[in-house]
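The values are calculated or read from the model by the stated rules, or taken from the named source; none is laboratory data. Just so it is clear, the model here is predicted, and its values are computed rather than measured. With ideal geometry, Cβ positions are generated from the backbone for all residues, glycine too; neighbour counts draw on all protein chains shown. To get the accessible areas, we keep the full protein, side chains included, count just its heavy atoms, and leave off ligands, DNA and RNA. Shrake-Rupley method; radii C 1.70, N 1.55, O 1.52, S 1.80 Å.
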Amino acid sequence: MKFALLSDLHANRQATEAVWEHALGEGFDQLVLLGDYVDYGADPGWVLDFVRRRVADGAVAVRGNHDDAVSGVTHEGMHGQVQVSLAWTRQQLDASQRDFLASLPLTATFGDCLAVHANAHAPAEWGYIHGRLEAMRSLYATDAHLVLCGHMHEPRLYHLSGTGKAGEFEPVPGVAIPLSRARRWLAIPGSVGQPRDGNPAACYALYDDEQDTLAFHRVPYDHEEAAERIIQAGLPELMAERLHHGR
């Protein structure tokens, strides 16, 4: 099967529509959503309804820390500007939408893959995978061949050999990477709605479990319109600036 891996949509309708169209063009069998569907962007209701429709159609979806915060589970660790966008976002969603976010699991398994928003070793603590050390901790916490994480907003790929040696690849967009069965892997497809690696193009990835390959993709979209909608909504300008510069 071929899996489309989307993470950190962050209420960005323009990016979500562009990535969805690109993924449909590439072709896939199963959608996997890695959390943080709301906050930062100006269209939380539209994006969340998109996610709910996909889940109703059979998509795998896990909960992110911003989903937690908007649904009222927790808001610890969120700085001042994020508190502003969280409060605004919460007002845009009805009770059924917030309940949907709260109902999503922290982790999900399919085949020999594990999906989680932040990391596999302490999913409820929302710790970032900054490098090999954190990636190894997650890989040691599971027997999955492939661990899929969001949260970082930058595409990354780590691997762990049978002898415990860790390494990483810098993904090249559109190039399929073979995932050797002699290693175990942790992939971060990057953010659909708010990339932070200096490239404003939206991120996602495609995993083929028959060929054992993973391809990262970048999809240009109208980030100017998405940023303008953030300003018009009265949200913090930082949320719009990040879309302009991919930072």
Considering only residues that are polar (S, T, N, Q) and in a helix (DSSP H, G or I), which ones fall in the stretch 4-23? GLN14, THR16
Which ones in the stretch 169-184 are among the aliphatic types (A, V, I, L, M), in a loop (DSSP other than H, G, I, E, B) and open to solvent by less than 50 Å² (accessible area, probe 1.4 Å)? LEU179
Under 9 Å by Cβ, and 6 or more places apart or on different chains, what pairs join a residue from the stretch 95-117 that is in contact (Cβ under 8 Å) with a residue 24 or more places away in the chain with one that is aromatic (Phe, Trp, Tyr) and open to solvent by 30 Å² or more (accessible area, probe 1.4 Å)? HIS117/TRP126
Against the condition under 24 Å from TRP46 (Cα atoms) and touching a helix residue (DSSP H, G or I) at 6+ places or on another chain (Cβ under 8 Å), how does GLN91 come out, does it pass? no
Per the filter on the stretch 17-42, residues surrounded by 24 or more Cβ atoms within 10 Å (Cβ to Cβ) and of a type in the set (D, E, K, R) are ASP36, ASP39
Residues of the stretch 185-194 that turn out to be outside any strand (DSSP E or B), under 17 Å from ALA4 (Cβ atoms) and not small (Gly, Ala, Ser), as a count: 2
Given the conditions (1) out of contact with any Leu (no Cβ under 6 Å at 6 or more places or on another chain); (2) farther than 25 Å from HIS244 by Cβ; (3) crowded, with 24+ Cβ neighbours inside 10 Å; (4) charged (D, E, K, R), every one holds for ASP57 apart from (3)
Of the numbered conditions (1) hydroxyl-bearing (Ser, Thr, Tyr); (2) under 19 Å from LEU6 (Cβ atoms); (3) over 17 Å from the mean Cα position of the chain (by Cα), SER85 satisfies every one except a single condition; which is it? (2)
Pairs, please: C-beta under 9 Å, at least 6 apart or cross-chain, first residue under 12 Å from THR109 (Cα atoms) and in the stretch 130-149, second of a type in the set (A, V, I, L, M) and open to solvent by 50 Å² or more (accessible area, probe 1.4 Å)? VAL147/ALA141
Taking the stretch 24-57 only, how many residues are in a loop (DSSP other than H, G, I, E, B) and more than 20 Å from LEU106 (Cβ to Cβ)? 8
Count - residues of the stretch 106-119 that are open to solvent by 10 Å² or more (accessible area, probe 1.4 Å) and either within 26 Å of PRO236 (Cα to Cα) or in contact with a Ser or Thr (Cβ under 6 Å, 6 or more places away or on another chain) (or both): 1
Go over the candidates ALA122, ALA135, ALA141, ALA87 one by one and state the one that is open to solvent by 10 Å² or more (accessible area, probe 1.4 Å) and touching a strand residue (DSSP E or B) at 6+ places or on another chain (Cβ under 9 Å). ALA141
For the stretch 222-247, enumerate the residues that are in a loop (DSSP other than H, G, I, E, B), under 30 Å from TYR158 (Cα atoms) and open to solvent by 60 Å² or more (accessible area, probe 1.4 Å). ARG247
Being part of a strand (DSSP E or B) and either surrounded by 24 or more Cβ atoms within 10 Å (Cβ to Cβ) or of a type in the set (Val, Ile, Thr) (or both) is the filter here, so list the residues in the stretch 147-168 that pass it. VAL147, LEU148, TYR158
Output for Cβ contacts, cut-off 9 Å, separation at least six or different chains, first residue assigned to a loop (DSSP other than H, G, I, E, B) in the stretch 198-221, second among the aromatic types (Phe, Trp, Tyr) and open to solvent by 10 Å² or more (accessible area, probe 1.4 Å), reads PRO200/TYR221; ALA201/TYR221; ASP209/PHE3
Can you tell me which residue in the stretch 90-105 is farthest from TRP185 (Cα to Cα), limited to those that are crowded, with 18+ Cβ neighbours inside 10 Å and under 18 Å from the mean Cα position of the chain (by Cα)? PHE100
